[in-house]
1. Here are some conditions: (1) at positive phi; (2) outside the structural domain of residue 139 (by TED's automatic domain parsing). Residue 112 meets all but one. Which one does it not meet?
2. Tell me, which residue of the stretch 72-98 that is within 29 Å of residue 122 (Cβ to Cβ) and among the charged types (D, E, K, R) is modelled with the highest pLDDT?
Amino acid sequence: MIASSHVLVAAFVLASAALVITVFTLFKLKAVNAMLKQALNQHQTTIDDLTSMCQEAQLRVEESHAALMTLHQSVTPLHQRIESLEGQVREQAPNDPQIKLYQKAATMAQDNASAEEIASACELPFAEAQMLVNLYTPKA
């Protein structure tokens, strides 16, 4: 009977220890669970904030795209008009003696002629000849 009472005491002690360990583990798990829930809530808040920021950025991109398309629609006819005018200028340039003089003056300036030489040869005002020389003189 003494042996069985020792066994009962030992079993009681082991059961009590197991119960204490289980309760301690349960409290630890509850604390860890609370920390995980808090972290999850913080991450969810961050995700919500980032989602909102992405939606705002997407809206700005769409607005910018719409503005760009409007600008493109405005620029395209202007570009076509410029090309048309350039074509007209190219067609008329060979027939215009004044343009021929300016082309000759530009060529002379590129060939390092002086402003006096250009003004005399092309019948241009000295200031215009000087401007061409300044335009075509290499900068040091």
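The values are calculated or read from the model by the stated rules, or taken from the named source; none is laboratory data. If you're wondering where the values come from, they're calculated on a predicted model, not measured in any experiment. Every residue, glycine as well, gets a Cβ built from its backbone with ideal geometry; the counts of neighbours run over all protein chains shown.
1. Result: residue 112 passes all but (2).
2. Pass one, the stretch 72-98, residues within 29 Å of residue 122 (Cβ to Cβ): 82, 85-98.
Within this subset, residues satisfying the condition of being among the charged types (D, E, K, R) are 86, 90-91, 96.
Details: 86: 73, 90: 72, 91: 76, 96: 70.
Once the filter is applied, the top-ranked residue is 91.
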